[in-house]
Amino acid sequence: MTLLAIDCNDCEYSIFAPNDNQYHVVDHFTKQATQEKRNMMVEAARIARGNIRPIEECHVEDFDALVFPGGNGAAKNLFTYALDGKKCKVREDVAQLIRDFHAQRKPIGALCIAPVMIAKVLGDVTITVGNDEGTIENVLGFGSKHINTQQTEVISDKQNMVFTSPCYMLPARISDIAACAQNLIDAILENMQ
């Protein structure tokens, strides 16, 4: 949905992923972890239809904005929130990208659980994860501010150029996810002009 929203705005995108094994592989039919090992970049290439590069090739000077779609995979592999909660760690290559875009005042977008990662790295930012009390408490513990939202709303922290929307952090239909992504990309583009 994020890629669709970018494309519908006649913008271009590049997709990056770590070239490491996932924390674990889940069989989404049985909802159980398997013993299988999968590479994050190979798995992401399924969505990207092969058009993907290693995360170390993402450089702030080459892009106008940075967007993290979120989801359970992000919360286990880009940072460890799904595993460690408030004691989570962010992959250093991901954290450095966030710091680089922030230092250049280039927009950073985050959907679903990904705003927690932005809060962990940057500290004093304003985000949303909808209205999940436990997650909000952790975000506040990182030194960030939180604004409760309804589905499809975007919180725009214009001072920090951070844009967030809750997606599946609230009950959602796929049309809601599409609207979250579209609204987030619209907010980013409005603030780039």
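Each value in this text was obtained by applying a stated rule to the coordinates, not by laboratory testing. Just so it is clear, the structure is predicted and the values come from calculations on it, not from any experiment. Counting neighbours? That spans all protein chains shown, and the Cβs are built from the backbone with ideal geometry, glycine included.
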Specify the inter-centroid distance of the range 39-86 and the range 88-157, based on alpha-carbon positions, in whole Å.
-> 15 Å
Estimated dipole of the range 69-117 in Debye, rounded to 20 [Cβ of Lys and Arg +1, of Asp and Glu -1, Cα centre] | 120 debye
For the range 38-124, what Kirkwood radius comes out of the mean inverse Cα-Cα distance, in Å?
-> 13.5 Å
Which whole-Hz ³J(HN,Hα) couplings does the range 169-186 yield from phi under the Karplus relation 6.51 cos²θ - 1.76 cosθ + 1.60, θ = phi - 60°, glycine and proline marked x?
-> 6, 10, x, 8, 9, 4, 5, 5, 5, 4, 5, 4, 5, 4, 5, 5, 5, 4
Residues whose modelled amide H sits under 5 Å from the amide H of Phe79, counting only those 5 or more places away in sequence or on another chain, are Arg91
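Quick check for me: using +1 on Lys/Arg Cβ and -1 on Asp/Glu Cβ, what's the dipole size of the range 90-193 about its Cα centre, in debye to the nearest 20? Present the calculation step by step, with values, prior to reporting the outcome.
Values: 8 positive and 12 negative charges, 42 e Å.
Using Cβ point charges on Lys, Arg, Asp and Glu, the range 90-193 gives about 200 debye.
Compute, for the chain, the length of the dipole vector about the Cα centre, with Cβ point charges of +1 (Lys, Arg) and -1 (Asp, Glu) only. Units Debye, rounded to 20.
Working: 18 positive and 25 negative charges, 110 e Å.
Dipole about the Cα centre, nearest 20: 520 debye.
Quick check on the chain: helices-only [θ] at 222 nm, where DSSP H runs of length 4 and up contribute -39,500 (n - 2.57) each and the sum goes over total residues. Nearest 500, please. Display every interim value, and only then the final one.
Values: 8 runs with 75 residues, N = 193.
Taking each H run of at least 4 residues, the total per residue is -11000 deg cm²/dmol.
Which of rounded, prolate or oblate describes the range 92-193 when judged by the alpha-carbon gyration tensor and an a/c cut-off of 1.5?
On the way: a/c = 1.80, a/b = 1.16, b/c = 1.55.
It is oblate, given that a/c is not under 1.5 and a/b is not larger than b/c.
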